[in-house]
Amino acid sequence: MTVGGRDGHIQPDRWIRRVREKNGEILLFENVGIQCLFLGAAENALEAAVNILQDAGMEKNVCISLSFEEIRLGIAGDQSRSAVAAFGMNGDFSGFLKEKAGEYGASLLISGDAASRIPGFFSQYHPRRLGTFFLKQTETEVPVYEVLDGEPEVWRRRKLFTEEIFEAGLRAFEEREYLKARMAFICVLKENP
């Protein structure tokens, strides 16, 4: 999981507390956030993310991403000074998704691989598919979802209100029917800029 602030305004002490409450490990501090690792249940990462967003409230400056990938874990340094190091097949896919979250105006993005490891994901949470990314390193397509839980109620309602039109636009875009997709997204933006 990668957590960051869009405008440099961050509260890492509160984020760290939420991560540790759900048995996560802090891997490193970035210039605008933190990277965490959850070795247990994937739903712990999602719950920590939702709690962080609820703490942020109406401040739309936090963006979080979750991904699942095979990693190699090791210790760098010596006995007096060491740190956990993690290397993934897809580089920093979680960090990449965090940047995309800002572009899409989303607070929380999750990869399809991570979502598939959370029991009841589609029934217990409010996800909306944003599209698919092609990962060159593994030559696989990964669906990406926006999770609306943790966002203020008014923002969630706006997105859910336009969900059908949004999905129709997404399908049209993927089928290369760009005019149809454009018309759908214009309708979405009228209701929820």
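The values are calculated or read from the model by the stated rules, or taken from the named source; none is laboratory data. Just so it is clear, the model here is predicted, and its values are computed rather than measured. Reconstructed Cβ throughout: ideal geometry from the backbone, glycine too, with neighbour counts over all protein chains shown. Note: areas computed on protein heavy atoms with side chains; ligands, DNA, RNA excluded. Shrake-Rupley method; radii C 1.70, N 1.55, O 1.52, S 1.80 Å.
In table form, for the structure just shown:
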quantity: Spin-label pair residue 116/residue 99, simplified geometry with 7 Å Cα→Cβ offset, distance in nm; calculated: 2.6
quantity: In Å, descending, principal axis extents of the Cα set of the stretch 143-193; calculated: 33, 26, 14
quantity: Cβ-Cβ FRET estimate between residue 123 and residue 180, R0 fixed at 22 Å, reported to 0.05; calculated: 0.15
quantity: Unsatisfied cross-links (Cα-Cα over 25 Å) in the set 98/159; 136/190; 22/136; calculated: 136/190; 22/136
quantity: Estimated FRET transfer efficiency (residue 137, residue 173; beta-carbon r; R0 30 Å; 0.05); calculated: 0.75
quantity: Residue-normalised accessible area of the stretch 124-193, expressed per residue, 1.4 Å probe, Å²; calculated: 65
quantity: Sequence ranges 46-53, 97-104, ranked by mean other-Cβ count within 10 angstrom, highest first; calculated: 46-53, 97-104
quantity: Inter-site label distance for residue 13 and residue 78 at 7 Å from Cα along Cβ, in nm; calculated: 3.4
quantity: Label-to-label distance, nm, for residues given as residue 153 and residue 190 (7 Å Cα→Cβ offset); calculated: 2.8
